[in-house]
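Remarks on the structure that follows.
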Amino acid sequence: MKTFKPLTPSLRNTVLTPYKELLSGDSKAIPKSLTKGKRKTGGRNNQGRITMRHIGGGNKNLKRDVDFKYKKRDVLGRVEAVQYDPLRTAFIALVVYKDGERVYVVAPKGMKKGDTMITSEKAAPTVGNRLPLKKIAVGTFVYNVEVQPDGGAKLARSAGNFIEVIANDMGYAFLKMPSSEVRKVPENCWASIGGASNDQHKLRKEGKAGRNRWKGIRPHVRGSAMNAVDHPHGGGEGRMGRGMRRQKSRTGKFIGKGQKTRSPKKYSNVFIVSRRKVGKK
């Protein structure tokens, strides 16, 4: 990680990602056909009402069109560059296939310019290649995993994330998620070998509030610092505890700190073999 001389109080506490060491190729070679503008919402819906708090401002970003479906099968692709994406934590790789088509994909850890990748049922289980889960050996780490066949990658896409294949049985692959949850998905779903890049992202220290404002993150106020009318944790004389056993959100719902928040009737409950471990480890 990149540290700085403590010339100011914020620099003393700043730890950032060493992009020059982790990226490769031309970082400015961004195909115009793979980009589009992104409109900011400010956390508001189509009626102008705030539906997500602490969102607003931030630098203008160019959205990269990342391929999560990998429709190009049995065609070898070569990595032209590993680049930074301002809208996601993992790095992205610019891949050119033998037929000349270029796409962006989420880069696995260790990928660099000149590496090759392929999406095929007969592909070797090497980092970057993509195979159906039924062709992947037990104990292999994967990322960019589908939930439904040909539905596009949905699981383990953010920085440093990976999923372990722990079993194959009755047409399903059993996966151990980053949260420790064990879930089964159809074995015809596809997954990429390896883990998502930029695993050092969790070690970042922004150092100052302004860096979060550049990202479009607005200040967060503690519920216990509010009045009772504004938050379930608010009110009281002086500094007070939250006054209740379970932590609540501003709207009164139980959140975090080991509380179970999943709906008991959620449609995907049947695919969960073992719930994630919550609370103090």
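The values are calculated or read from the model by the stated rules, or taken from the named source; none is laboratory data. On a predicted model such as this, the values are computed, not experimentally measured, just so you know. Cβ coordinates were reconstructed from backbone atoms using ideal geometry, including for glycine residues, and neighbour counts include every protein chain displayed.
Couple of notes before you dig in:
- Some residue of segment 249-261 being more than 30 Å from K38 (Cα to Cα), modelled with pLDDT under 95, exposed (fewer than 12 other Cβ atoms within 10 Å of the Cβ) and among the hydrophobic types (A, V, I, L, M, F, W, C): no
- In this structure, A173 does not qualify as buried (at least 20 other Cβ atoms within 10 Å of the Cβ) and either assigned to a loop (DSSP other than H, G, I, E, B) or under 15 Å from the mean Cα position of the chain (by Cα) (or both).
Listed here are the residues, each with its yes/no results for (1) surrounded by 13 or more Cβ atoms within 10 Å (Cβ to Cβ); (2) farther than 13 Å from Y104 by Cα; (3) at pLDDT below 95.
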position: N45; (1), (2), (3): no, yes, no
position: G48; (1), (2), (3): no, yes, no
position: H54; (1), (2), (3): yes, yes, no
position: R73; (1), (2), (3): no, yes, yes
position: L76; (1), (2), (3): yes, yes, no
position: V79; (1), (2), (3): yes, no, no
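- Scanning segment 209-233 for residues being of a type in the set (A, V, I, L, M, F, W, C), surrounded by 15 or more Cβ atoms within 10 Å (Cβ to Cβ) and without any contact (Cβ under 8 Å) to a residue 60 or more places away in the chain gives a total of 1.
- Residue check for Y84: under 18 Å from N129 (Cβ atoms), among the hydroxyl-bearing types (S, T, Y), in the same structural domain as A191 (by TED's automatic domain parsing) and in contact (Cβ under 8 Å) with a residue 60 or more places away in the chain: no
- Inspection of segment 89-101 identifies at least one residue that is in contact with a Ser or Thr (Cβ under 7 Å, 6 or more places away or on another chain) and either free of Cβ contacts under 8 Å to residues at least 12 places away in the same chain or of a type outside the set (S, T, Y) (or both).
- Filter pass, R239 being of a type in the set (D, E, K, R), within 20 Å of the chain's Cα centre (by Cα) and in a loop (DSSP other than H, G, I, E, B): no
- Restricting segment 103-130 to residues that are hydrophobic (A, V, I, L, M, F, W, C) and within 17 Å of the chain's Cα centre (by Cα), the residue that is surrounded by the fewest Cβ atoms within 10 Å (Cβ to Cβ) is V105.
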